[in-house]
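Throughout, read-outs are computed from the coordinates displayed, never taken from laboratory work. What you are looking at is a predicted structure, and each value in this text was computed from that prediction instead of being measured. Positions of Cβ are backbone-derived with ideal geometry, glycine not excepted, and every protein chain shown enters the neighbour counts.
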Amino acid sequence: MRALTVYSTRGGNGKTLTALFLGIAAVKRGLKTVVIDADFEAPSLTHLLSNQTKELTWVDYLENDNIDITDLINPNIIGNLDIIFSPPPRIGKNFLGWKADNWWKKALQKAIVAKKELELLGYDLVIIDNQSGTSYNSVNNMVFSEISIMVLRPSNYGLGATESILKEIFNTLKGMNRRMDYYLWNQVHRVSDQDERLLLDQFLEKWDDRLTALGLKKLGSVEYNIKLNLELLNDNPDLNDQFNLIKDNYNNLMDTILNF
Ligand SMILES: Nc1ncnc2c1ncn2[C@@H]1O[C@H](COP(=O)(O)OP(=O)(O)O)[C@@H](O)[C@H]1O
Ligand SMILES: [Mg+2]
């Protein structure tokens with residue numbers, strides 16, 4: 001079994017979409033796969049997928065000792081893809097100090113137990129839709145997963161911060177396990193002439209150098225797809241249809257990931 005987490009330092013880069021589409025690509029090639037929504041600040045799988053049947057969530061599992069993991073798994077939510085949801089986010093006065101430090105230590109231990117259980121259930125792949133920014137939660141999910149994908153947009157806003165946060169995180173993780181940390185350009189502009197191509201390529205090459213210097217490997221790049229973006233505005237988007245708009249891209253990414 002492989003565990004991978006999809007991460008970014010800011011919201012909106014495309015973590016959730018990447019996690020879901022990689023999940024769909026995986027089940028389409030016969031891998032038994034579960035996607036865990038572990039973004040406690042902005043859980044969004046519930047908005048995209050309306051067929052949640054299990055009341056128990058990932059948070060319930062992490063903080064209780066007597067829950068059977070199968071009671072969290074919503075089977076066949078898109079095709080053969082299974083999903084574990086998270087509860088709606090806490091807002092108001094509890095938002096910042098949501099859980100004590102000790103809670104997160106126990107949560108990591110429980111997550112490792114979950115990983116064993118999922119492996120026993122025959123899963124080939126676990127995909128964690130991670131929380132943006134630095135938090136105990138996001139770092140726990142990085143430790144849980146031996147593969148991470150950092151989703152980035154070609155924009156001057158946010159990449160510098162990403163670089164410094166990554167330095168910290170990878171210093172902590174270094175030497176813990178054999179791991180593979182990728183970055184993925186997402187929502188890449190579709191250019192219409194040579195000048196635009198040059199601007200984009202210069203930007204991407206500059207950051208490719210800086211990110212590979214941190215030890216990240218380039219996973220690939222996904223264009224900004226207007227049709228996909230518009231169709232996701234539907235109340236009940238058909239994710240299988242949308243996957244088909246862009247499936248070659250995700251199939252290629254999956255090939256690279258499975259080669260690790
Ligand atoms: N390659 C893409 N093309 C078009 N729209 C995209 C693409 N990737 C993400 N989006 C859109 O960007 C928004 C944020 O994506 P999402 O996956 O929710 O980000 P995150 O989970 O990182 O906050 C969504 O509206 C999604 O539809
Ligand atoms: Mg998200």
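In what order do Trp207, Trp103 fall by count of nearby beta-carbon atoms within 10 Å, going from fewest to most?
Taking fewest neighbouring Cβ atoms as first place, the list is Trp103, Trp207.
For the pairs Lys28/Lys247; Lys116/Lys217; Lys167/Lys217, flag any whose C-alpha to C-alpha distance is greater than 20 Å.
Beyond 20 Å between Cα atoms: Lys116/Lys217.
With 10 angstrom as the radius, rank Trp104, Trp185 by how many other C-beta atoms surround their C-beta, starting from the fewest.
Lowest to highest Cβ neighbour count: Trp104, Trp185.
Rounded to the nearest 500 deg cm²/dmol, what is the calculated helix-only ellipticity per residue at 222 nm for the chain, with -39500 (n - 2.57) per DSSP H run of length n ≥ 4?
-13500 deg cm²/dmol
What's the angle, to the nearest 10 degrees (0 to 90), between helix 101-120's Cα axis and the longest principal axis of the chain?
90
Arranged by the count of other C-beta atoms within 10 angstrom, fewest first, what order do Ile112, Ile73 take?
Starting with the residue having the fewest Cβ neighbours, the order is Ile112, Ile73.
Using the 2.2 N^0.38 Å rule of thumb for compact globular proteins, work out how the stretch 155-260 stacks up: its C-alpha Rg over that value, please.
This ratio for the stretch 155-260 stands at 1.27.
Averaging sequence separations of C-alpha pairs under 8 Å and six or more residues apart, then dividing by the length of the stretch 112-205, give the relative contact order as a whole percent.
Relative contact order here is 31 percent.
What distance in nm separates the two pseudo spin-label positions at Thr256 and Asp235, each 7 Å out from Cα along the beta-carbon direction?
Label-label distance for Thr256 and Asp235, simple model: 3.8 nm.
Measure off 7 Å from each Cα along the Cα-to-Cβ vector at Glu196 and His47, then give the distance between these two points in nanometres to one decimal.
Calculated label separation equals 2.8 nm.
Compute the normalised compactness of the stretch 1-78: alpha-carbon radius of gyration over 2.2 N^0.38 Å, N being the residue count. Mind showing how you got there, number by number?
Details: Rg = 13.0 Å, N = 78, 2.2 N^0.38 = 11.5 Å.
So the stretch 1-78 has a normalised radius of gyration of 1.13.
Which trypsin sites (Lys or Arg not before Pro) in the stretch 114-186 sit in a loop by DSSP (not H, G, I, E or B) and have at most 15 other Cβ atoms within 10 Å of their own Cβ?
Within the stretch 114-186, the qualifying trypsin sites (Lys or Arg not before Pro) (loop, at most 15 other Cβ atoms within 10 Å) are Lys174, Arg178.
Once the chain is represented by equal point scatterers at the alpha-carbon sites, with solvent omitted, what log10 I(q)/I(0) does the Debye formula produce at q = 0.16 Å⁻¹?
Reported log10 I(q)/I(0), two decimals: -1.30.
What's the FRET efficiency of Asn64 with Asn156 using the Cβ-Cβ distance as r and R₀ = 35 Å, to the nearest 0.05?
0.20
Set the Förster radius R0 to 41 Å, insert the Cβ-Cβ distance between Leu120 and Leu204 as r into 1/(1 + (r/R0)^6), and round the FRET efficiency to 0.05. Present the calculation step by step, with values, prior to reporting the outcome.
Details: r = 42 Å, r/R0 = 1.02.
After rounding, the FRET efficiency stands at 0.45.
Working from Cα positions, state the angle (0 to 90°, nearest 10) between the long axis of helix 247-258 and the longest principal axis of the chain.
Long axis of 247-258 versus the principal axis of the chain: about 70 degrees.
How far is it, in nm, from the label point at Ala213 to the one at Arg29 when both lie 7 Å from their Cα along the line to the Cβ?
3.3
Using 0.36 nm per residue of separation minus the Cα-Cα distance, give me the extension gain between Glu55 and Phe170 in nm, one decimal.
Result for the pair: 37.9 nm of gain on full extension.
Rounded to the nearest 10 degrees, what's the angle between the helix 194-213 long axis and the longest principal axis of the chain, both from Cα atoms, 0 to 90?
Rounded to the nearest ten degrees, it is 50.
With both bridge residues required to lie in the chain, what share of the DSSP beta bridges run antiparallel, to the nearest 5%?
5
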